[in-house]
Amino acid sequence: MEDGRALIARMAAEIVHERGLGALTFASVCERSGFTRSGVVYHFPTKQDLVMAAHEHYARVFSERVATHLDVPERDATLDDRVRAFVRQHADDSPGEIELLRLLEQEPVERLWSGVEATWAPLPDLDDPASMRRFVARLAAHGLWVHQRLRQPRFDEEQLQAIIAVIERRLLDGDIEDDGR
């Protein structure tokens, strides 16, 4: 059963997803969640707290989604497995998160997402070629995500899978031979 704080956070994230950050108000959260204003304020005293809760909700959901792209159980996943899953997740459509990008420079939000990325695709060891390849795959995944949200036309599923295969083959598997793709 979802507790009140988690329910309010999920409702805040849904409002941002559906109607944008401007629609996230105490009134909209109260209407969506069924909580009174004092009930919402008890858990989240400021709008910034609501925004952070939406980020926390998205971070948890993002990690859960990434895990669905693993080819092995999460406990058995190698770092390469985790980066592959991270790349694959970035091709999935999650348009609401783009609204939250505007706030990424705020320290608590940056720290939250840095922790998520460290779990799935950590910063590189500059002296380790495999680590650098994994990091470039992370950057390619970010680029793919941004393209799918900000550019038209978007890639269709077949194109996405071909791009992911190239990222995996060239960057994660280290196959840098030119095969025409």
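The values are calculated or read from the model by the stated rules, or taken from the named source; none is laboratory data. Keep in mind that this is a model prediction, so the values were computed, not measured. Positions of Cβ are generated from backbone atoms using ideal geometry, with glycine treated the same way; all protein chains shown enter the neighbour counts.
Things to note:
- Wholly enclosed helices (runs of 4 or more DSSP H) of the range 48-122 bearing at least 3 residues closer than 29 Å to Ala162 by Cβ, modelled with pLDDT of 85 or more and not hydroxyl-bearing (Ser, Thr, Tyr): 79-89, 107-120
- Here Ile15 passes the criteria (1) free of Cβ contacts under 8 Å to residues at least 60 places away in the same chain; (2) in contact with a Phe, Trp or Tyr (Cβ under 8 Å, 6 or more places away or on another chain) except the one numbered (2).
- Residues of the range 26-56 that turn out to be exposed (fewer than 14 other Cβ atoms within 10 Å of the Cβ) and over 18 Å from Val109 (Cβ atoms), as a count: 7
- Applying the set (1) within 30 Å of Glu168 (Cα to Cα); (2) within 20 Å of the chain's Cα centre (by Cα); (3) without any contact (Cβ under 8 Å) to a residue 60 or more places away in the chain to Val83 leaves exactly one unmet item: (3).
- Set Ala27, Ala54, Ala67, Ala77: member being touching a residue at least 40 places away in the same chain (Cβ under 8 Å) and aliphatic (A, V, I, L, M): Ala54
- Failed item, numbered, when Val87 is tested on (1) surrounded by fewer than 20 Cβ atoms within 10 Å (Cβ to Cβ); (2) touching an Asp or Glu at 6+ places or on another chain (Cβ under 7 Å); (3) among the aliphatic types (A, V, I, L, M): (1)
- Test: Val146 is within 17 Å of Asp81 (Cβ to Cβ), β-branched (Val, Ile, Thr) and free of Cβ contacts under 8 Å to residues at least 60 places away in the same chain: no
- Answer residue from the range 107-159, given it is aromatic (Phe, Trp, Tyr) and over 29 Å from Ala53 (Cβ atoms) and is surrounded by the most Cβ atoms within 10 Å (Cβ to Cβ) among those: Phe135
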